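Please read the structure below before turning to the comments.
The values are calculated or read from the model by the stated rules, or taken from the named source; none is laboratory data. Since the structure is predicted, the reported quantities are computational estimates derived from the model, not experimental observations. Don't worry about glycine lacking a Cβ; one is built from the backbone with ideal geometry, like all the others, and counts go over all protein chains shown.
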Ligand code: BG6
């Protein structure tokens, strides 16, 4: 059963941008249809363009039809949803242009106000300053910051300092949409509600962990943004780091936001900083070249708009070491890339091999147990165990079987990550959002690698679009006598 949330005005800065149309509007549309959004709550989209209310509604409709999954757009439901939509023309960097927003918000001064900054981080400070200048920040206000927050520790600090001049830390929601994915949240349920994993979850039983986020898509017209960031800043520093934290953290004392975040930040602070020699041995960066994706020839990264001389990585693979009691000697291998063979995101926990095999001399090969948490495209959790092949053969023959731990679907439609997170902001629940110290600890570790790459300590490798990435990534893990899960 859905429960109606508190009355609020959601203001989407960058309201006609790619993220707003692709993710935020569909999330709000579903929340509205599923009865989670209060009937009088409004969605105000800011844009610089002079556009009428009718044009805005027509545009939102077209975009919903484009970005909602097949069959999810419903004319009748849209008629109700559109009543909440409101366009506001303003220039993000010009405080004087916020007067229309001031008038609209002034109509309901007591409502919760959620400012979703779906813009380049360069505007975060200016938007918060303007909101404050117009006295639009109340104790019931919250601000949502989209990642990446900065390009490194210094720029991230500068942005946060600006935002925190106007908002309290408790009002700031730094979003990492991976934390809104259902299977990602399931990691906590799996770890902390099943006793059987408790004694296994450490260096005495786990050999290593692999975290992969592979995308088949390329940069999709986001050259301007992507070329400034690359795989490390766009994916590893945030999404993959958050996944690593959920696997590696100690049990929090409760599900309260700060209990969870306290444990995550301890992991981030335990990441072993890399020396120049480590960067050479434990990191790989690469760019895709022309290849084929889904049966179509696709151009190489450098054939994109204005990036012909780019030195930005579209793929990164890194061996991460965590210096603490639980994980000493257990490497975490992370990799993420665009234009890979297929979309595939997973976390694989590789357990150590059995101490001695009574089967080994009888022709049975025993594979190590693995826990495979698949995030996309399918969402599932499988524990790979050895089992006897039934039959009367003289030698006992074994095979690996999957124990599937999938929850029965109890809802018709699985909510998207942004729905969960948007609703959490509306409900004022910051558990799934990043606290300032988490963001900074992740940058501190990433900065050393980024600096090494900037100094060309290791060369930029290449991989053909539509493949599994550069051979250097295979070599990186092979150096430790291991291989990637899908090889
Ligand atoms: C975003 C990145 O944060 O995550 C994109 O900026 C990336 O480059 C996207 O494509 C991946 O998200 P998902 O949920 O499709 O894996």
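Can you tell me which of 143, 172, 163, 184 is under 21 Å from residue 263 (Cα atoms), crowded, with 19+ Cβ neighbours inside 10 Å, more than 17 Å from the chain's Cα centre (by Cα) and in contact (Cβ under 8 Å) with a residue 24 or more places away in the chain? Spell out how you get there, then give the answer.
Details: 143 fails: under 21 Å from residue 263 (Cα atoms); 163 fails: under 21 Å from residue 263 (Cα atoms); 184 fails: more than 17 Å from the chain's Cα centre (by Cα).
It is 172.
Which residue, of 313, 250, is within 16 Å of the ligand (Cβ to nearest atom), outside any strand (DSSP E or B) and modelled with pLDDT of 95 or more? Full working, then the answer.
Details: 250 fails: within 16 Å of the ligand (Cβ to nearest atom).
The unique qualifying residue is 313.
Find the residue count for segment 155-197, including only residues that are within 16 Å of the ligand (Cβ to nearest atom), assigned to a helix (DSSP H, G or I) and closer than 30 Å to residue 413 by Cβ.
Of all residues in segment 155-197, those within 16 Å of the ligand (Cβ to nearest atom) come to 156, 173-187.
Imposing the further condition that a residue be assigned to a helix (DSSP H, G or I) reduces the set to 156, 177-180, 182-187.
Keeping just the survivors that are closer than 30 Å to residue 413 by Cβ gives 177-180, 182-187.
Final tally of qualifying residues: 10.
Take the residues in segment 371-381 that are at pLDDT 95 or above and more than 16 Å from the ligand (Cβ to nearest atom), then tell me which one is farthest from the chain's Cα centre (by Cα).
371
For residue 368, which of the numbered conditions (1) surrounded by fewer than 18 Cβ atoms within 10 Å (Cβ to Cβ); (2) over 15 Å from residue 211 (Cα atoms); (3) within 16 Å of the ligand (Cβ to nearest atom) fails to hold?
Every condition holds for residue 368 apart from (3).
Only residues that are part of a helix (DSSP H, G or I), within 21 Å of the chain's Cα centre (by Cα) and under 30 Å from residue 476 (Cβ atoms): list them for segment 253-278, please. Quick ask: steps written out before the conclusion?
Keep residues of segment 253-278 that are part of a helix (DSSP H, G or I), which gives 257-269, 276-278.
Narrowing further to those that are within 21 Å of the chain's Cα centre (by Cα): 257-269.
Scanning segment 253-278 gives 263, 264, 265, 266, 267, 268, 269.
Only residues that are part of a helix (DSSP H, G or I) and surrounded by 14 or more Cβ atoms within 10 Å (Cβ to Cβ): list them for segment 54-82, please.
Kept after step one, since they are part of a helix (DSSP H, G or I), are these residues of segment 54-82: 54-67, 75-82.
Matches in segment 54-82: 56, 57, 59, 60, 61, 63, 64, 67, 77, 78, 81, 82.
When you go through 342, 374, 336 one by one, which is the residue that is part of a loop (DSSP other than H, G, I, E, B), under 30 Å from residue 301 (Cβ atoms) and touching a residue at least 12 places away in the same chain (Cβ under 8 Å)? Walk me through it before giving the result.
On the way: 374 fails: part of a loop (DSSP other than H, G, I, E, B); 336 fails: part of a loop (DSSP other than H, G, I, E, B).
342 is the lone residue from the list that is part of a loop (DSSP other than H, G, I, E, B), under 30 Å from residue 301 (Cβ atoms) and touching a residue at least 12 places away in the same chain (Cβ under 8 Å).
Quick check on my filter: what residues within segment 261-275 are closer than 17 Å to residue 326 by Cβ, crowded, with 18+ Cβ neighbours inside 10 Å and touching a residue at least 60 places away in the same chain (Cβ under 8 Å)? Walk me through it before giving the result.
Of all residues in segment 261-275, those closer than 17 Å to residue 326 by Cβ come to 262-272.
Remaining after also requiring crowded, with 18+ Cβ neighbours inside 10 Å: 264-265, 267-268, 270-271.
If the condition is that a residue be closer than 17 Å to residue 326 by Cβ, crowded, with 18+ Cβ neighbours inside 10 Å and touching a residue at least 60 places away in the same chain (Cβ under 8 Å), then 264, 265, 268, 271 are the ones that fit.
Among the residues of segment 447-464, are any under 24 Å from residue 187 (Cβ atoms) and assigned to a helix (DSSP H, G or I)?
Scanning segment 447-464 turns up no residue that is under 24 Å from residue 187 (Cβ atoms) and assigned to a helix (DSSP H, G or I).
Considering segment 6-36 alone, what residues qualify as being surrounded by 20 or more Cβ atoms within 10 Å (Cβ to Cβ) and assigned to a loop (DSSP other than H, G, I, E, B)?
14, 15, 36 - these are the residues of segment 6-36 that are surrounded by 20 or more Cβ atoms within 10 Å (Cβ to Cβ) and assigned to a loop (DSSP other than H, G, I, E, B).
Hey, among the residues in segment 411-438 that are within 16 Å of the ligand (Cβ to nearest atom) and touching a strand residue (DSSP E or B) at 6+ places or on another chain (Cβ under 6 Å), which one's farthest from residue 263 (Cα to Cα)?
My answer is 433.
Quick one: count up the residues across segment 209-240 that are in a strand (DSSP E or B) and more than 11 Å from the ligand (Cβ to nearest atom). Working first, answer last.
Within segment 209-240, the first condition is being in a strand (DSSP E or B), and the residues that meet it are 209-214.
Those still in the list that are more than 11 Å from the ligand (Cβ to nearest atom) too: 209-212.
Within segment 209-240, residues that are in a strand (DSSP E or B) and more than 11 Å from the ligand (Cβ to nearest atom) number 4.
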